[in-house]
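Data block below; observations after.
The values are calculated or read from the model by the stated rules, or taken from the named source; none is laboratory data. Source: prediction; values computed, not measured. Cβ atoms come from the backbone with ideal geometry, glycine included; neighbour counts cover every protein chain shown. Please note that ligands, DNA and RNA were not included when accessible areas were found on the heavy atoms of the full protein model with its side chains. Shrake-Rupley method; radii C 1.70, N 1.55, O 1.52, S 1.80 Å.
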Amino acid sequence: MRLGIAQVAPVIGDVDANLTKMIEIMRTNKGKADMLVFPELSLTGYDLKDRLYDVALTTDSQEIARVCEASLETGMNAVFGFVEKGKSEKIYNSAMMIKDGQVSIVQRKIYPTNYGVFEEGKYFTKGKKVKVEQIGSFTSSMLICNDLWHPSLPHIAAHHHASLLIGLINSPEGGLGSKYSSSVGWARVGQFYAGIYGCYVVLVNRVGTEKGLKFYGNSMMIDPYGEIIAQCPYGEEFVQICEIDYKAVKEIRTILPIMRDEDIHLTMQHYKEISNPDFD
């Protein structure tokens, strides 16, 4: 499968402008990629606070219909981030996959980031489930930014046989202070999951500046051996396309069969003990 990273700089609050750019990128890369992956909140920008309610969409919104039409027109699937309007006026930081011109799956961010410079917990409702979706030869799972820093979620995806882990990210420089490099941390996390679970990992970060936050990009694809096989530059909009092959997943999982030997019953036993209110 020819998988593309679309490292873009969304315009804050301007869904139409971001949607137009997204469709233009899809059309420009028609015939070059089978699927393009855009960053977290790529349709809206990041630091919207109370304005999030003004840009929230549902799966039936006309903006989503435009992406479906572009998918049919270009023969290309797309993954992107958006603000989702749920029931009871709840809003979610969500990712959507458009496959063959239709909404295929929506993944809600389970752990909205609420540390460092991030205040998502004030606005977003938590998602409740890790989902997977078949795309070509791959079983894919979309996780959004901070969700990848909670190892239980990629582990759940692995138990669902995920062979393509898609991470949609909004990571700025200095988001966690001067002593921690987010770009280095992301590479380490991505290579760890790829090597442990024998899967491809795609990390797509945005670029551009927003209310003093400078997003650096450095999006990358990592193969099942934990090697970075494609990478976007720092600080500029860029599209990088790379061929991924399920044969590599099959090969490394034969050599290093981690999930074959995983004992879910042992894990559940310990989780049950830990969840006890008297556990210390």
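For the stretch 25-85, the set of GluC sites (Glu not before Pro) satisfying both a DSSP loop assignment and a count of at most 10 other C-beta atoms within 10 Å is empty.
When the charge dipole of the stretch 2-275 is built from unit charges on Cβ atoms (+1 for Lys and Arg, -1 for Asp and Glu) and taken about the Cα centre, the candidate among Ile252, Ile135, His161 whose Cα reaches farthest toward its positive end is His161.
With a probe of 1.4 Å, find how much accessible area the chain has per residue, and write the answer as a whole number in Å².
Numbers: 13160 Å² over 280 residues.
Accessible surface, normalised per residue, equals 47 Å².
Counting only DSSP H runs of at least 4 residues, each contributing -39500 (n - 2.57), and dividing by the residue count of the chain, the helix-based mean residue ellipticity at 222 nm comes to -8000 deg cm²/dmol.
What shape does the stretch 1-121 take by its C-alpha gyration tensor, where a ≥ b ≥ c are the square roots of the eigenvalues and a/c under 1.5 counts as rounded, a/b above b/c as prolate, and the rest as oblate?
Numbers: a/c = 1.86, a/b = 1.64, b/c = 1.13.
Prolate, because a/c is 1.5 or more and a/b exceeds b/c.
Residues whose amide H falls under 5 Å from that of Ala33, counting only those 5 or more places apart or on a different chain, are absent, with hydrogens built in the peptide plane.
Please get the size of the charge dipole for the stretch 2-275, origin at its Cα centre, with Cβ charges of +1 on Lys and Arg and -1 on Asp and Glu, quoted in debye to the nearest 20. The partial results should precede the final answer.
Values: 29 positive and 32 negative charges, 82 e Å.
In total the dipole reaches around 400 debye.
Residues with beta-carbon under 10 Å from that of Asn114, excluding Asn114: net charge, scoring Lys, Arg +1 and Asp, Glu -1?
Within the 10 Å Cβ shell, the charges total -1.
How much of the accessible area of the chain, probe 1.4 Å, is carbon plus sulfur, in whole percent?
Summing carbon and sulfur atoms, their accessible area is 51 percent of the total for the chain.
List the relative contact order of the chain as a percent without decimals, with contacts defined as Cα pairs under 8 Å and 6+ residues apart.
Details: 614 pairs, mean separation 49.9, N = 280.
Relative contact order for the chain comes out at 18 percent.
Divided by 2.2 N^0.38 Å, where N counts the residues, the Cα radius of gyration of the chain comes to 0.97.
What the phi angles of the stretch 217-224 give under the Karplus curve with 6.51, -1.76 and 1.60, with θ = phi - 60°, is a coupling list of x, 6, 5, 7, 10, 10, 7, x Hz, glycine and proline written as x. Derived scalar couplings between HN and Hα for the stretch 109-116 equal 5, 8, 10, x, 5, 9, 8, x Hz in order, rounded to whole Hz, by the Karplus curve 6.51 cos²θ - 1.76 cosθ + 1.60 (θ = phi - 60°), x for Gly and Pro. Of the trypsin sites (Lys or Arg not before Pro) found in the stretch 179-280, those in coil by DSSP whose Cβ has at most 14 other Cβ atoms within 10 Å are Lys179, Lys211. Here the stretch 126-150 is scanned for amide nitrogen atoms under 11 Å from the site 7 Å beyond the Cα of Tyr246 along Cα-to-Cβ, giving 134-140.
Taking the centroid of alpha carbons for each part, the stretch 126-194 and the stretch 236-280 are 11 Å apart. If the Kirkwood radius is taken over C-alpha pairs of the stretch 15-56, then at 4 °C and 1.567 mPa s the Stokes-Einstein diffusion coefficient equals 112 µm²/s. A simple rule links phi to the HN-Hα coupling: the Karplus curve 6.51 cos²θ - 1.76 cosθ + 1.60 with θ = phi - 60°, which for the stretch 256-266 gives 10, x, 4, 6, 4, 9, 5, 9, 5, 5, 5 Hz, with x for Gly and Pro. Scanning residues 5 or more positions from Tyr234 or on other chains, those with amide H under 5 Å from its amide H are Asn218, with H placed 1.01 Å from N in the peptide plane.
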